[in-house]
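Here is the structure we will look at, set down as structure tokens.
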Amino acid sequence: MTATLTLTSQEPARLSVDALVVAVAQQDGSPVLLGDVTLPKDLRALVTQDAGALGITGAADEVRRVPGHGITAAVLVLTGVGPAEDVTPEALRRAAGAATRELTGTRRVALALPTDDVEQVAAVAEGALLGAYAYTRYRTGDAPAAVETIQLVTAHPRDRAATAAVARARVLAEAVHGTRDLVNAAPNDLFPAAFVDLAKSTVKEAGVRGLRMTVLDEKALAAGGYGGLIAVGQGSTRGPRLVKLAYAPSRPKGHVALVGKGITFDSGGLSLKPPAGMETMKSDMAGAAAVLHTVVAAARLGLPVVVTGWLCLAENMPSGSAQRPSDVITIRGGTTVEVLNTDAEGRLVMADGLVAALEEKPDVVIDIATLTGAQVVALGHRVSAVMGTDDVRAEIVAAATTAGEQFWPMPLPEELRAGLSSKVADIANISGDRMGGMLTAGVFLREFVGSAPWGHLDIAGPAFNEKTAHGYTPVGGTGVGVRTLLRLVEARAEG
């Protein structure tokens, strides 16, 4: 359940809430309050004069609470934005998110952060809603609930652009939260057919005209020549699926195709992962989850762009029926692949999805996948990689920058293709060289897109946060990619 957020121009100190949040920045080595917030003299003195004793510095991700003496709220919450001379929309987004995340268990919250323009209103609203998230599906006790209601203080609560920004922020947050919920679900509950059922429910609840969903099961996949999905899924008792989501507005300005990797659990197959390597492999469907909720969000916002989403769903398990190293499979469209490592399975299902997506001749196709451990080695746990044709890669980076997500452009060196040569098939699914594995996986996928405008997002590390929570990002599923993909579709609608 996503929190309710409304705009208000009421005096912050008099708002009937459980917690009032204000922003603190770093300036000349001291914390300073930001925004036009009137606080009682004693409370302001406490915050500024006793900052050191209270641990208040204004650093990003810092959240401190003090008793709300002289204000209606029980507590005053100070959330850090970093240097005062560089208060970007993303800094406000993270500060708002850190505050609502830290206030889990608190029902009613007001935020009096800088909202001088619509961009700042949007950033604070997005951050606050993204931070107000808690995953409690498997908790049997009374787990603390996320913040339920949020009031955002602004001088122009009835401004059309501001109210539109808040409405969009809610749709965006619900898309990110829905993606997080799928990623956090246990793999015994979320297998390909179960994913399909949840996707159907999501589409039905959206209730948007022009949004349709079709599903291919094992028989239909075999008949259609989807050799990658069949091969990866054949080791499991729970068969693969290919889901097509299609949003078609009446007068579209273009067509964007999105392809998501949906390995609901990745054991590695017969090329078995070590036990520790499987612990987070319920998250190997984060790409498909992001595609599902991006398409639905685009439909809910009524964007004048055709958006098709392809969810490539399979469970990669070892068994007597599993694919073997040295098997040769045929991807949809006829390309043969020698499978040298069954743990390089994501690229096989994605190849099927890319070919299917391009058969409809979209203006651009973008795939998103938790594809390689090499992505984490190269860029860490917070920065995703983007590859593809030069213009699309630049478009994705621009969309990510606006949305507040970190995507870094990476090359697809021609010399890496030689490493994928096979003695018996058109291409092998891995290279004999371990170096540059993220790029090699991108080169493999490029074989299936030809000269089409294409982007490839590797979100292996950022999709699942194993460390500590930060900003608006919780532990567990993060929902990475949704904001960037939605912003890209919006930009095409605007253009």
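Some points to look at:
- Value of [θ]222 nm, deg cm²/dmol, for the chain, DSSP H segments ≥ 4, -39500 (n - 2.57) each, nearest 500: -10500 deg cm²/dmol
- Shape class for the stretch 4-158: rounded, because the ratio a/c of the largest to smallest gyration tensor axis (alpha-carbon atoms, square roots of eigenvalues) is under 1.5.
- Helix 390-403 axis, angle to the chain major axis (alpha carbon atoms, nearest 10°): 30
- Segments 165-172, 133-140, 6-13 sorted - mean Cβ within 10 Å per residue, highest first: 165-172, 6-13, 133-140
- Shape analysis of the stretch 118-274 places it in the oblate category; the axes a ≥ b ≥ c from the Cα gyration tensor give an a/c of at least 1.5, with a/b not above b/c.
- The value of relative contact order for the chain, using C-alpha pairs under 8 Å at least six residues apart, is 15 percent.
- Relative to the longest principal axis of the Cα atoms of the chain, helix 160-184 runs at roughly 50 degrees.
- Protection proxy ranking of 223-231, 354-362 - average other beta-carbon atoms within 10 Å, highest first: 223-231, 354-362
- The listed peptides 34-45, 64-75, 112-123, ordered by packing as a protection proxy, come out as 112-123, 64-75, 34-45 (highest mean of other Cβ atoms within 10 Å first).
- In sequence order, the stretch 366-383 has phi-based couplings of 10, 10, 9, 7, 7, 8, 9, x, 5, 4, 5, 4, 6, 10, x, 9, 10, 10 Hz under the Karplus curve 6.51 cos²θ - 1.76 cosθ + 1.60, θ = phi - 60°, and Gly or Pro positions carry x.
- Local electrostatic count at residue 355 - Lys and Arg +1, Asp and Glu -1, tallied over other residues with Cβ under 14 Å: -1
- Compared with the dominant principal axis of the Cα atoms in the chain, helix 346-358 is inclined by about 90°.
- Gap separating the Cα centres of the stretch 20-72 and the stretch 255-298, nearest whole Å: 42
- Three-way shape call for the chain based on the alpha-carbon gyration tensor, with the a/c threshold at 1.5: prolate
- Between the stretch 144-200 and the stretch 431-495, the Cα center-to-center distance that results, in Å: 20
- Distance violations [Cα-Cα > 22 Å] among 200/244; 204/361; 219/244; 244/273; 253/361: 204/361; 244/273
Values in this text are rule-based calculations from the coordinates and carry no lab data. As the structure is a computational prediction, the values presented were derived from the model and not from experiment. So basically every Cβ, Gly included, is an ideal-geometry build from the backbone, and we count neighbours across all protein chains shown.
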